[in-house]
Amino acid sequence: MFRRSATMIAALLAACAMVLGACTAADDPAYVEDEVGKIKVVRPSAWQSPLQVEAPWTVGYALAPDSVEQIQVSGDFGEYTSAAEAMASLIAQAQVSLEGFEIVETRDVELKGATTGQLVRYTIDDPQGNQVFGTWIIGAVWPYPQSVAVSILTPRHDAELERRVLDSIVVSPTRE
């Protein structure tokens, strides 16, 4: 009986390892991992077209040169003490610079290596007046005030992409 229980436990552990291992970017050719400053994050591997970004964004990629589907990453978003503080700054900028900006959801999230994390889903209008869906994810570290951020834009909310990006984020702060 003990041998049968041990065999069942071993099989269960092996199955769990296979399920958890299948979620990494290395095992999924649809995603590629980027390391940008203090953040590691995955993005869709098809999103290869470089975007010109402005500070505090470090890099950006799109599905095609003129596509709505894009991701921007900041490996050093600023010296914020919390993700909520950093997000408030980003929202304040968006309210004056993004046409049709509307917040859909705000929630706290856990990010590996960050002391606080926050996610905001929003909508904006593209230049043609069509609604575009966005997600911002920010992680901050205290008592060494620093933050990282990810911005995703898609024609409609992509819950699976949001989950993959969110689950992949690892923040590597400096301790200075």
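Here is a yes/no grid of residues against (1) farther than 20 Å from Leu161 by Cβ; (2) open to solvent by less than 30 Å² (accessible area, probe 1.4 Å):
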residue	(1), (2)
Ser45	no, no
Gln52	yes, no
Pro56	yes, no
Tyr61	no, no
Glu85	yes, no
Tyr122	no, yes
Val148	no, yes
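Scan (1) under 19 Å from Gln72 (Cβ atoms); (2) touching a residue at least 60 places away in the same chain (Cβ under 8 Å); (3) open to solvent by less than 50 Å² (accessible area, probe 1.4 Å) for the single condition Gln118 breaks and write down its number.
It is condition (2) that Gln118 fails.
Which of the numbered conditions does Pro56 fail, given that it passes all the others? Conditions: (1) assigned to a loop (DSSP other than H, G, I, E, B); (2) under 14 Å from Val171 (Cβ atoms); (3) in contact (Cβ under 8 Å) with a residue 40 or more places away in the chain.
Just one mismatch for Pro56, condition (2).
Just need a number here: residues in the range 150-176 that are closer than 21 Å to Ile91 by Cβ, open to solvent by less than 60 Å² (accessible area, probe 1.4 Å) and not aliphatic (A, V, I, L, M).
3
Give the range 136-176 a look and list any residue that's in contact with a helix residue (DSSP H, G or I) (Cβ under 8 Å, 6 or more places away or on another chain), in a strand (DSSP E or B) and of a type in the set (Ser, Thr, Tyr), or say none.
Within the range 136-176, Ser147, Thr154 meet the criteria.
Does Gln95 qualify as being without any contact (Cβ under 8 Å) to a residue 60 or more places away in the chain and either touching an Asp or Glu at 6+ places or on another chain (Cβ under 8 Å) or outside any helix (DSSP H, G or I) (or both)?
No, not satisfied.
Out of everything in the range 124-146 that is farther than 17 Å from Val170 by Cα and modelled with pLDDT under 95, what residue ends up being surrounded by the most Cβ atoms within 10 Å (Cβ to Cβ)?
Out of the qualifying residues, it is Asp126.
The values are calculated or read from the model by the stated rules, or taken from the named source; none is laboratory data. Predicted, not measured: the structure shown is a model, and the values here were computed from it. Neighbour counts run over all protein chains shown; Cβ positions are idealised from the backbone, glycine included. Side chains are part of the model used for accessible areas, which takes the heavy atoms of the whole protein and leaves out ligands, DNA and RNA. Shrake-Rupley method; radii C 1.70, N 1.55, O 1.52, S 1.80 Å.
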